[in-house]
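Worksheet: one structure, shown below.
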Amino acid sequence: MNPKKIEDKLAVNKFDVDQEVHIRIKEDICNQCKELDCLYACPAGCFTAVEDHITFSFEGCLECGSCRIVCEKEAIDWTLPRAGFGICYIYG
Amino acid sequence: MKQHFDAIVVGAGPAGCACGLTLAKAGLSTLVVERGKFAGAKNMWGGVYYGPLFHQLFPNFWEEAPVERYILHHKLSFLTADAALSAEFSSIKFGKKPYNSFSLLRAKFDRWFADKVQQAGAIVAAGLQADDLLWDGSRIVGIKAGGDELPASVVVACDGVNSLLAEKAGLRKRPLPQDMKQGVKEVIQIPRQMLEQRFNLSGDEGVAWEFIGSFTKGIPGGAFLYTNKDSLSIGIVVQLSALVKNKVEANDLLEEFKMHPEVARYLTEGELAEYSAHLIPTSGRAKMPEFFADGFLVAGDAAAFCLVTGLNLEGSNLAIASGMAAAEAVIQAKKKEDFSKKSLSSYLHFLKQSFVLKDLETFKKVPKFLENPRIYNVYPGLACDMAEKIFTNDGQPRKKIWKQLKRSMKGNVSLQQIASDLYNIKRAL
């Protein structure tokens, strides 16, 4: 049967992962954040709350833009991966 | 000297390709830039294309385009945790050329579409990203891409729902989460014969199936299931602001939906081929940005052209129609060699001529109406509950249906609320 967890689902996707990070979080703001809206908004589970801070991994990013929009503190410096990098849908 | 284009179209999705094709056919020098490795690489959807609309662009496109199935059956189901109440509409007319609608996969179809744009005479540059706009005073005169400055008389932003170019042009601000729905989708492969048996399909017939119900846990939204040739596109679409407010993840709702017995039986032995996500601008007319500036037009998702009818969401068809309308405006402007905002305002005229602005106007009250939580957490349950009572025969004498209904409503919804919701349905639809 099909995988249920996000990380297992992302594993079937085709990514051309760049060395360059395209989304950065402002840790000083994020580590104080109580709402943690990004955790629920990100369909790729890129944000993780570890004890007292937030970690972000850009590798599985689906470039949907949800995190940029939900963060009221504008603590997410959001751009797109460089041309040709990032998610590469085969079906879409 | 660098080549100066009549038009640079940013994004080779449905809006950008429709625009680029129309411009190239009219003989304008056109560059279409696409940040994906190939056109379609960044695109996903859950939807159907209208046959007659695409037939205008490419007569008999279904003969060569990578479409999946023509949609013969439309289904709508209300789901509770353990029940489903469904309606199905099928029409022989939908199976006749140019076909009412098609399921298709964006990454395959858009690639084909972009090839057609290139064949029509435009340059399609995949793997090139528009990083910024070029300005001459308050006029937009091209783009910066890949470290180069590319001048053009007009830039058409078809760069999708997160259009950074429309923001840079000052036409819109960062969208709000209440104006967006998040779509999360899986493509699940199932051998063709098995799929056709399961859905009772023959040949290239297909099903488009929409769902509303308890699986979204009261969050405005729903789910979809479309048949492709040998795969299913299955996903949910939920309001982004409500997801974070309720601290729920879309993937968990999708899993809950997939486990519903009415849904799960169509998925067994299927294999996940892709997991994708996208935002959809669903606030309708009220929240749309301005569409044009000096030397600049916006089309498709970038302009938030998304029609919310209550039964479905339509973005790609509006993207095509708005891309064509933007191209018509550019063609007019080229005749006068005047690409000012005033000259490009004929875009509005062409949008009004097509169904885009008319449909958005007709259904403008729907987005607000769909914020009503009873649509998701009361009525599907009520409908299933009534059906269960009507069909159950447990040897006990039965009560009048009206009495049953009143009992099911108790504590969930009042007669006044139903009357008010019916009134609002009438107003919205």
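The values are calculated or read from the model by the stated rules, or taken from the named source; none is laboratory data. Not measured: the values here are computed from a predicted model. Heads up, the Cβs are rebuilt from the backbone with ideal geometry, glycines too, and the neighbour counts pull from every protein chain shown.
Some notes on this structure:
- Filter result (surrounded by 11 or more Cβ atoms within 10 Å (Cβ to Cβ) and more than 39 Å from the chain's Cα centre (by Cα)) within the stretch B:390-400: B:R398, B:K399
- Counted residues, the stretch B:240-271 - those being out of contact with any Leu (no Cβ under 9 Å at 6 or more places or on another chain), of a type outside the set (K, R) and away from chain A (no Cβ under 11 Å): 1
- Here the strands (runs of 3 or more DSSP E) wholly within the stretch B:159-268 that include at least 3 residues being modelled with pLDDT of 95 or more and under 22 Å from A:L62 (Cα atoms) are B:180-189, B:221-227, B:231-239.
- Of the criteria (1) surrounded by 15 or more Cβ atoms within 10 Å (Cβ to Cβ); (2) assigned by TED's automatic domain parsing to the domain that holds B:D136; (3) outside any helix (DSSP H, G or I); (4) free of Cβ contacts under 8 Å to residues at least 60 places away in the same chain, which one B:D338 fails: (1)
- Evaluation of A:C88 against (1) modelled with pLDDT under 95; (2) in contact with an Asp or Glu (Cβ under 7 Å, 6 or more places away or on another chain) (one fails), failing number: (1)
- Flag if B:E88 is of a type in the set (D, E) and within 14 Å of chain A (Cβ to nearest Cβ): no
- Which numbered condition B:A387 misses (of (1) in contact with a helix residue (DSSP H, G or I) (Cβ under 7 Å, 6 or more places away or on another chain); (2) in contact (Cβ under 8 Å) with a residue 24 or more places away in the chain; (3) farther than 27 Å from B:D6 by Cα; (4) not in a loop (DSSP other than H, G, I, E, B)): (1)
- The stretch B:413-429, residues that are modelled with pLDDT under 90 and under 22 Å from B:L79 (Cβ atoms): B:I425, B:L429
- Number of residues in the stretch A:1-59 that are farther than 20 Å from B:A277 by Cα, β-branched (V, I, T) and surrounded by 13 or more Cβ atoms within 10 Å (Cβ to Cβ) equals 3.
- The lone exception for B:K96 - which of (1) more than 29 Å from B:A277 (Cβ to Cβ); (2) assigned by TED's automatic domain parsing to the domain that holds B:D131 it fails: (2)
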